[in-house]
Every structure is written in structure tokens, then in C-alpha cells.
Amino acid sequence: MKKTIHSCTAGVALAIILFSLSCAPRHESRAPDPSVVVAHSDGLVSRTADVSVVLTTGRATPMPERAQPFKFDPPLKGTVVWNADGSRADFRPDAPLAPGRAYHVVFDFSEIGEPSNGWFSFDIFAAEPNISVKPGDLYAAWNDTLALDGIVRVEDVPASADVERLVSAAVGALDLPISWSHEEGGLHRFTVKDVPRSNAAGELVLSWNGTPVGARIKDSRSYRVPASGEFEVLSVRGPEAGEPSCVTVSFSEPVDRDQDLRGLIDAIGAGTLRYETDGGLVRMYASLDWSDEVNITVEKGVRSRNSGVLAIPVQARVSFDWEKPEVRFPAGGVIVPSTQGTRVILETKNLAKVYVEALRVYGDNMLQFLQVNDLDGGQELKRVGEVVWSSEIDLAWTDDRKNQWTPYALDLSPLLAKHPDGLFQLRVAFSHDYIRYVCKNDHPKAGSWKFPPAAIIERDSGDSSYWDYYEEYFDWNEYYRYRDDPCHPAFYVVRYGRDRTARRNVLVSDVGIMAKRDADGVWLVAASDLKTARPLPGASARIYNYAMRELASGVADRDGLVQLKPSDLSSSEPTFLVV
């Protein structure tokens with residue numbers, strides 16, 4: 001989103017204000033009036049993102065269903081969705097935007113019955129799909145065949161089926177099947193299984209091509225496939241991001257698990273080694289911290305499960321690169337019983353400090369919050385709460401934490417003592433000054449950069465601070481090139497509403513609820529104490545409709561049970577159950 005920071009010329013003639021939009025040149029530009037428009041989409045946008053306009057005031061009456069204030073050149077089909085108070089309009093395209101296409105957008109107030117506000121325009125540019133492919137190494141599976149794993153990371157590729165069209169594998173003229181698993185955040189993992197071996201060595205070619213989804217990426221990698229019965233080292237590598245800190249040696253056949261590998265596979269200067277055998281993979285863990293570069297030796301005499309013996313020794317040098325700094329909350333729910341204390345675990349990697357703030361959704365605003373959110377939601381928070389606490393926390397960094405996820409306990413006791421009700425959203429961010437990372441790239445402009453501070457940007461607020469900073473210091477091509485480089489300002493810039501902030505909603509409560517609605521529309525509610533698992537007699541229960549009007553109320557009996565019969569059983573609109 002881009003905030004309007006333009007001044008508007010006064011004294012525009014009424015005839016100009018009422019001038020028909022269809023008669024104006026299609027690409028005529030007009031800046032928005034900041035007294036009417038707070039923010040709007042601008043510049044590079046995701047192909048699947050809404051095109052949004054935020055207005056200074058809401059609308060007292062609902063917008064006409066067929067109202068279409070957005071006009072696009074080239075034309076787009078889609079639906080306009082307004083928020084509850086009519087202060088924000090989101091155009092949702094029926095299909096993803098064309099990659100790399102520029103669109104001129106006009107917002108016409110006359111289409112919503114406000115001709116006196118005229119119209120304004122802006123331009124957006126649909127991002128091309130960003131695809132990165134990281135192929136792994138061949139290894140022997142337990143069924144005596146070879147396999148190959150890899151990772152694909154994508155942005156602006158909406159369907160998993162499209163991702164699966166990007167990668168192919170073949171041995172000679174034989175195309176090999178690829179199995180996939182799809183995770184959140186644009187991460188996709190693939191495995192090429194049952195790579196065939198013959199009496200002579202062959203070649204596996206792994207190829208990837210972004211043309212089917214409009215991306216300019218095309219490459220391939222070749223692998224030597226040993227002949228049947230040949231036992232040899234296929235690769236030696238260090239850990240991938242997120243993996244345990246170890247060295248992995250890949251063999252062409254499963255390794256004999258009963259042999260003692262000490263002295264056969266060694267790492268100089270790593271202390272005592274521990275070995276883990278998994279098919280044709282041998283993982284080696286060290287008692288000392290791995291140095292940035294480690295020399296690995298694999299000697300003759302390593303045996304395969306099929307009684308083969310390694311005949312050719314191998315020497316390799318493995319680099320332990322710094323992984324990108326990250327912060328996260330472990331998986332878990334929103335409600336935290338007091339029996340767990342008032343500590344919430346935060347995990348960091350390659351960070352010496354973090355910036356933490358707590359936004360409080362006030363207790364009497366919870367129903368308004370739930371109108372547009374589940375308990376773990378984060379929409380329209382500025383309407384229901386505000387930041388009540390913030391702090392910079394020193395994580396006491398030591399070098400042995402390199403590339404390791406490190407837990408830190410956030411104590412909420414002082415926060416809860418001062419603010420006993422409502423829900424809190426904890427948000428954790430970091431800046432370039434907080435990271436522990438060794439930069440490899442040589443950036444000639446590094447001395448002139450100003451990195452963004454550690455700050456929280458509301459995902460739906462229209463805050464343009466990062467966008468304005470970005471536009472001032474580097475262009476979009478540079479951003480795309482270095483967006484994953486912690487040594488470049490682009491790494492810390494919000495893009496498509498996503499940033500590197502960790503968020504977790506926390507509601508400290510000892511009340512457990514079970515609710516069931518029967519065919520007649522009557523609710524049976526059971527309230528219990530999460531600390532003791534016993535019923536909560538005397539608990540007050542209420543049901544509200546979407547407009548926050550109370551539909552039914554009651555008090556739990558000695559068994560913690562209460563029946564609630566809403567006054568309007570025919571209503572099908574969303575309801576809220578509050579205990």
C-alpha cells in the first residue's frame with residue numbers, strides 16, 4: 001500500500017469534478033486527495049493480491065452490489081469487497097494478474113454515489129513468479145535403488161499443481177516420476193525415486209523450467225549414475241538450512257550399519273565423531289563446533305550392506321555457511337492456561353537482539369475483534385487495540401549458537417498484572433544491527449545504505465514507511481536480486497504485506513469450553529476449569545449475533561452445563577459464544 005503524500009490543488013471547477021470518466025484519456029493520471037484517501041496499492045504487487053483503496057471515512061449505507069469504482073487498463077474482471085464500515089475497498093481479481101504486466105488503475109467515486117470526490121489513478125506492476133530450485137544429491141535408498149531430493153521455493157505461483165510442472169527428471173530417454181510434498185510459505189519438496197541402474201554408468205538429468213508459470217528461469221543439473229554393483233562415494237556436503245549441524249556422506253549403495261566407521265570417515269579438528277547410518281547416507285556429528293570449512297576424508301574399506309568395499313578414497317572440503325537470521329514462535333494454540341505459567345517461548349536463529357512489542361485487544365472490544373478474526377487472527381487490530389508495551393531484548397549471543405534455533409522465554413507477568421483482560425498479540429522483529437551473520441557478497445554501495453529499523457508494520461494498515469524507504473534507496477530489480485541477502489536492505493523490506501516479523505496471539509485463560517448445537521438450534525455448553533478439569537458451576541454464558549446483539553444468556557449449573565436458546569432460531573448469520 002502507498003500512502004497519499006501529495007498536496008492537492010484547490011479550486012477545481014465543478015465541471016471538471018463531474019466530468020465523465022469514460023471521456024477522459026485512458027492513461028490520464030490524477031493524484032488522490034489526501035483528505036479523502038488514506039492509502040492505496042502501488043508499484044509492484046503480488047499476482048494474487050487484492051488491489052486496495054483505504055478512505056479517510058466510512059460509509060453510513062452499504063455500497064451497491066454492482067458498484068465498480070475500479071477501472072483497469074488493460075481490463076480486469078473481479079469483485080469489489082468492502083470492509084464492515086465502508087472505509088476500505090478491495091478489488092479481488094477472478095484470476096491471477098498476468099506476470100510482468102503493468103496496469104493503470106482509476107478509482108471513480110461517482111460509481112459509489114460520491115461524484116464530488118472525483119477520481120484518482122495509480123499504477124501497479126504484477127510481479128513475475130519468483131522461483132528458486134535447490135537440487136540435492138543422489139543417494140542410495142534401502143531398496144537398493146537411487147533417489148534424489150530437492151527443494152523448490154516460489155512466490156506468486158498460486159497452485160501446487162503449477163509447481164509440479166516446473167521440474168522433470170530423466171535417465172536417457174526414460175522420464176522418471178517425481179513425488180511432491182507442499183508446505184506453507186511457498187516451500188515445496190520433491191523426490192525422484194527408483195533411479196534405474198544398468199551394467200554401465202549412466203546419467204540422470206534434473207531440469208527445471210519456469211515458462212509454464214511465466215517465470216524466466218531455466219536450468220538443469222546432471223548426475224553420474226554408477227553401474228549396478230559399483231560402491232562409491234556420490235557426494236559429501238554440509239547441512240542445509242534448518243537441518244541438524246552435521247556432515248552427510250552419500251554412497252551409491254546402502255552402508256553396512258554394523259561396521260565401526262571411526263578412522264574410515266573422519267573430519268579434521270572436529271573432536272569426537274558420532275555416526276548415523278541411513279541407507280546410503282552416513283551423517284557425522286562432531287563434539288566440537290564445526291569451523292567454517294572442514295576437511296573430510298573417506299578411506300578405503302567402508303563396506304556396503306551387499307558386501308561391497310570402497311576401493312577409491314575420497315577427500316572433500318565442506319563449508320558451514322551462515323544461515324539467514326530468523327525468529328519464530330513454536331507451533332501451538334492461542335489460549336495459554338495459567339498452569340503453564342505466564343511464559344511464552346520464542347525461538348531465534350543467528351540473532352543477538354530482538355525488538356518485541358505487545359498489542360492489547362481490549363476485553364470490551366473482543367466481540368468487535370471476532371467479527372473479522374478467529375482467535376489467532378490479526379485483521380483491523382488498530383480498531384480494537386493498541387500497543388501497550390515494547391522492549392529491545394538482548395539474547396546473550398555466544399558463538400556456539402551459530403545456525404542453531406535458540407529458545408527464549410518471554411515473561412508476560414508484568415504485562416498481565418497491568419492489563420488483566422483481553423487478548424495480546426506479541427510481535428517480534430529484528431534489524432540489520434541485531435543479526436549475527438558473515439556477509440559473502442561484495443556490495444560496492446554498502447557504505448551508503450541506511451537499513452530499516454526494527455519495527456512492526458501492520459499487515460493491513462496501508463503503512464507505506466517501508467515502501468517509501470525502499471523507493472528512495474534502491475530499485476525493484478535490486479530488491480528482487482538481494483531480497484534474501486541479510487547484508488542488503490532489501491532483506492528487511494516488507495513485500496506483498498509479508499515481513500520477517502513473528503506474531504503470536506495469546507489469551508491467558510483457565511476456562512475450557514465445549515459447545516454443541518442441536519437440530520432445533522439450542523446450544524448445550526459445558527464449561528470446565530483447565531487447571532483441574534472440573535466443571536465450572538456459576539459460569540456465565542452468552543451468545544451474540546454478528547451485530548453484537550445478545551441472543552441468549554444463561555448460568556452453568558453445578559455440572560458446568562447450560563442450555564442456550566437464541567431468540568431468533570431462524571437466523572443463519574455468524575454467532576459468538578462467550579463464557
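The values are calculated or read from the model by the stated rules, or taken from the named source; none is laboratory data. Predicted, not measured: the structure shown is a model, and the values here were computed from it. All Cβ positions, glycine included, derive from the backbone under ideal geometry; neighbour counts span all protein chains shown. With ligands, DNA and RNA removed, areas are computed over all heavy atoms of the protein, side chains included. Shrake-Rupley method; radii C 1.70, N 1.55, O 1.52, S 1.80 Å.
Number of residues in region 32-63 that are open to solvent by 50 Å² or more (accessible area, probe 1.4 Å), under 18 Å from Y103 (Cα atoms) and modelled with pLDDT of 85 or more equals 1. Being without any contact (Cβ under 8 Å) to a residue 24 or more places away in the chain, among the β-branched types (V, I, T), touching a Phe, Trp or Tyr at 6+ places or on another chain (Cβ under 8 Å) and surrounded by 12 or more Cβ atoms within 10 Å (Cβ to Cβ) holds for only one residue in I265, I178, and it is I178. For region 334-364, a residue qualifies if it is in contact (Cβ under 8 Å) with a residue 24 or more places away in the chain and part of a loop (DSSP other than H, G, I, E, B), and the qualifying residues are V334, P337, T342, N350, A352, Y362. In region 94-116, the count of residues that are closer than 30 Å to E232 by Cα and of a type in the set (K, R) is zero. Here Y275 passes the criteria (1) open to solvent by 20 Å² or more (accessible area, probe 1.4 Å); (2) in contact (Cβ under 8 Å) with a residue 40 or more places away in the chain; (3) out of contact with any Gly (no Cβ under 7 Å at 6 or more places or on another chain) except the one numbered (2).
For region 141-183, give me the residue count where each residue is part of a strand (DSSP E or B) and closer than 12 Å to P196 by Cβ. Break it down into steps so the answer makes sense when it comes.
First, pick out the residues of region 141-183 that are part of a strand (DSSP E or B): 146-155, 167-171, 174-175, 178-182.
Right, trim to closer than 12 Å to P196 by Cβ and you get 146-147, 169-171, 174-175.
Of the residues in that region, 7 qualify.
For residues in region 149-164 being out of contact with any strand residue (DSSP E or B) (no Cβ under 7 Å at 6 or more places or on another chain) and free of Cβ contacts under 8 Å to residues at least 40 places away in the same chain, which is most open to solvent (accessible area, probe 1.4 Å)? Looking at the filtered set, the residue picked out is A161.
Of the residues Y362, Y355, the single one that is of a type in the set (S, T, Y), closer than 22 Å to G377 by Cβ and open to solvent by 20 Å² or more (accessible area, probe 1.4 Å) is Y362. The set of residues in region 317-329 being touching a residue at least 40 places away in the same chain (Cβ under 8 Å) and open to solvent by 30 Å² or more (accessible area, probe 1.4 Å) consists of S319, D321, W322, K324, E326, R328.
The residues in region 64-81 that are over 24 Å from G214 (Cβ atoms) and surrounded by fewer than 17 Cβ atoms within 10 Å (Cβ to Cβ) can be counted, and the count is 6.
Residues that are within 24 Å of F190 (Cβ to Cβ) and open to solvent by less than 30 Å² (accessible area, probe 1.4 Å) within region 114-132 comprise A127, P129, I131, listed in sequence order. Taken together, D260, D289 contain a single residue that is in a loop (DSSP other than H, G, I, E, B) and in contact with a helix residue (DSSP H, G or I) (Cβ under 9 Å, 6 or more places away or on another chain), which is D289. The residue that is surrounded by the most Cβ atoms within 10 Å (Cβ to Cβ), among those in region 507-557 that are of a type in the set (F, W, Y) and in contact with an Asp or Glu (Cβ under 6 Å, 6 or more places away or on another chain), is Y544. Scan region 493-506 and give yes if some residue there is more than 25 Å from V334 (Cα to Cα) and either in a strand (DSSP E or B) or open to solvent by 80 Å² or more (accessible area, probe 1.4 Å) (or both), otherwise no. Within region 493-506, one or more residues are more than 25 Å from V334 (Cα to Cα) and either in a strand (DSSP E or B) or open to solvent by 80 Å² or more (accessible area, probe 1.4 Å) (or both). Considering P226, P239, the condition of being closer than 30 Å to D162 by Cα, open to solvent by less than 60 Å² (accessible area, probe 1.4 Å) and either out of contact with any strand residue (DSSP E or B) (no Cβ under 6 Å at 6 or more places or on another chain) or without any contact (Cβ under 8 Å) to a residue 12 or more places away in the chain (or both) is satisfied by P239 alone.
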